[in-house]
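Shown next, in structure tokens, is the structure this report addresses.
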């Protein structure tokens, strides 16, 4: 039996294959445990036939001990909130690559990209291609300050923005 697919379908399959090759090469070189949680999840999703479109990031050099990256810390702390509820709508939150946090419900798709170099976080509404820059007065300079900012962000600002978008 032959299947005919469109060029765009072929591109999507090719992108998943490239990412799968990247993951398999990384596992071969440094072992399964060297994969990030997102990469392990992607491997499972690809094996179940899902399309995974992420471009593989280069394997990062070890950062200096004590170095604080506000973007990574923001995403790390935000991903601990696996679910939030807004007006009886349950949203699941998960990391999408190394730069985005995905916020999904059955009918809505949002994402967040931290950009603390410019003192902001960008909130994207994938349903309408709209985005909202959320500016901060001060950029946290250590993990404790970031933990405080993330708590306030999740339980105040994020809930308000999602309500506006619903």
**OP:** Please verify whether the range 43-59 includes one or more residues that are at pLDDT 70 or above and within 28 Å of residue 148 (Cα to Cα).
**Re:** no
**OP:** Only residues that are farther than 18 Å from residue 40 by Cβ and surrounded by 14 or more Cβ atoms within 10 Å (Cβ to Cβ): list them for the range 73-97, please.
**Re:** 73, 74, 77, 78, 81, 84, 86, 89, 91
**OP:** For the range 154-161, indicate whether the set of residues that are modelled with pLDDT under 90, in a helix (DSSP H, G or I) and in contact with a helix residue (DSSP H, G or I) (Cβ under 8 Å, 6 or more places away or on another chain) is non-empty.
**Re:** yes
Original post:
Of all residues in the range 111-142, which are surrounded by 13 or more Cβ atoms within 10 Å (Cβ to Cβ) and touching a residue at least 24 places away in the same chain (Cβ under 8 Å)?
Top reply: 112, 114, 115, 116, 121, 123, 125, 132, 134, 139, 140
Original post:
Looking only at the range 98-110, which residues are in contact (Cβ under 8 Å) with a residue 40 or more places away in the chain and crowded, with 18+ Cβ neighbours inside 10 Å?
Top reply: 103, 110
Subject >> Any chance residue 37 is loosely packed, with under 11 Cβ neighbours inside 10 Å and either within 19 Å of the chain's Cα centre (by Cα) or at pLDDT 70 or above (or both) >> reply: yes
Subject >> Residues (touching a residue at least 24 places away in the same chain (Cβ under 8 Å) and assigned to a strand (DSSP E or B)) located in the range 75-93 >> reply: 84, 86, 89, 91
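The values are calculated or read from the model by the stated rules, or taken from the named source; none is laboratory data. Predicted model, so just to flag it, every value in this text is computed and none were measured. Cβ sites come from the backbone with ideal geometry, for glycine too, and all protein chains shown count toward neighbours.
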